[in-house]
1. Separation between the Ser64 and Gln197 pseudo-spin-labels, each 7 Å from Cα along Cα→Cβ, expressed in nm?
2. Report the full-extension gain for the segment Asn166 to Arg34: residue separation times 0.36 nm, less the Cα-Cα distance, to one decimal in nm.
3. Between Ser276 and Glu324, what is 0.36 nm times their sequence separation minus the Cα-Cα distance? Round to one decimal in nm.
4. Sort Ile290, Ile240, Ile70, Ile12 so the one with the fewest other Cβ atoms within 10 Å of its own Cβ comes first.
5. Can you put Thr242, Thr21 in order of Cβ neighbours within 10 angstrom, beginning with the fewest?
6. Please find, in a Gaussian network model of the chain (springs between Cα atoms separated by less than 10 Å), the residue of Ser81, Ser48, Ser222 whose mean-square fluctuation is greatest.
7. Quick one: if you stick a label point 7 Å off each Cα along the C-beta vector at Lys256 and Leu143, how many nm between them?
8. Roughly what angle does helix 101-114 make with the longest principal axis of the chain, taking Cα atoms, 0 to 90 degrees, to the nearest 10?
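A short reminder: the numbers here are calculations on the coordinates, not readings from a lab. All of these numbers come straight from a predicted model, not from anything done at the bench. With ideal geometry, Cβ positions are generated from the backbone for all residues, glycine too; neighbour counts draw on all protein chains shown.
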Amino acid sequence: MITFGILATSPIAHEWMKAVTAAGGYRLGAVYSRSLEKAQAFADQYGSEIETYDSLESFLMDSSLDLIYIASPNGLHFQHSRLALEAGKHVVVEKPAVLRPSEWTIVYSLAKKKKVMLFEAARNVHEKAVALVSDFLKDKEILGANLRYGKYSSKMPALLAGELPNVFSAKFGGGALMDLGIYPLYVAHYWFGKPAQVSYQAQKWDWDVDLAGQANLLYPGSLVTLQTAKNYTTYLSSEIYTSQGTLIVDSVEEIKSARFRDLTGGEEVLPVQVASHQMEEEAAAFAQMIEREDWLSWEKWTQLALDVHETMWKLRQDAAIVFEGDQDVE
Ligand SMILES: NC(=O)c1ccc[n+]([C@@H]2O[C@H](COP(=O)([O-])OP(=O)(O)OC[C@H]3O[C@@H](n4cnc5c(N)ncnc54)[C@H](OP(=O)(O)O)[C@@H]3O)[C@@H](O)[C@H]2O)c1
């Protein structure tokens, strides 16, 4: 049983609670919020013997905690992960775990030094359906793909009304690519590997962070296009083109169906199984790696995260999306 603490009482932290309940193997031990009342209100929903903190230092010193789940704004993930790892805790940090690949290298090295595991909660890539698609593609020549995730943000009205929610703030590492584009980017790296060349055209808010955009990932012999948006929703499927036909996936952020149309029009439906909660499979995967001390698998996921963040960094540079702190990276 992994006893964990929640860092920040955001709505996604409640989703994490549902996911760990479905996955099993976890127990909530403590909650940290900037407000003790909020921490208490969160804890009250999940049991009586849960510690609450408004001091980050005391929370991370809580010796009963094996793992910290970090659900703070993007721009604080690196700092919060670093502190939690320094305290010797395993870490699950919401996506994007870092804003720059150099930060991932730092937290990865720290996790190794402290002999704890650090995971980026890129939930979709841990779905069994993603591995199923990968297996299906193994014997096929990939010619290209169109992968999409665009969803109208519940925080768009606030942005349009003149406010600046964290998810649209350059200070906090916001924008469509960081928030939603990361999902298709993860599966692109998982299925096709690291691209040789990348570019990103972004529609920006106030010439600042991206509201929507299209990325091109060029591989030897194939071109993969990613569409992402926070100012509208796309209902189009994603497609992977092979020399034997086209694989149609309903959505790369949560695969519920996948079917292959061969060159003669014949169709094969892949046996996709959907978990009871969209974060359940990642929660189960992290618990399994920790319990089994499966460092080999952990290294594989951390390398994938580094590859994704290296690509994100290049994409951001191509579209001149600049966050606070970028100037400190040489
Ligand atoms: N995996 C998924 O499907 C999924 C879905 C949605 C979001 N997310 C990720 O979850 C994270 C949180 O997203 P969100 O939209 O909930 O973010 P948010 O509203 O900006 O902030 C999340 C929490 O962080 C704390 N916080 C807010 N501003 C802060 C500040 N200035 N300094 C310190 N703490 C602050 C607050 O908790 P307290 O008031 O308790 O301190 C707040 O509830 C993001 O990284 C996002 O990418 C993931």
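1. In this crude label model, Ser64 to Gln197 measures out at 5.7 nm.
2. Contour length minus Cα-Cα distance gives 45.9 nm.
3. 13.5 nm
4. Ile12, Ile290, Ile70, Ile240
5. Sorted ascending by nearby Cβ count, the order is Thr21, Thr242.
6. Ser48
7. Here the modelled spin labels are 3.0 nm apart.
8. Once rounded, one gets 50 degrees.
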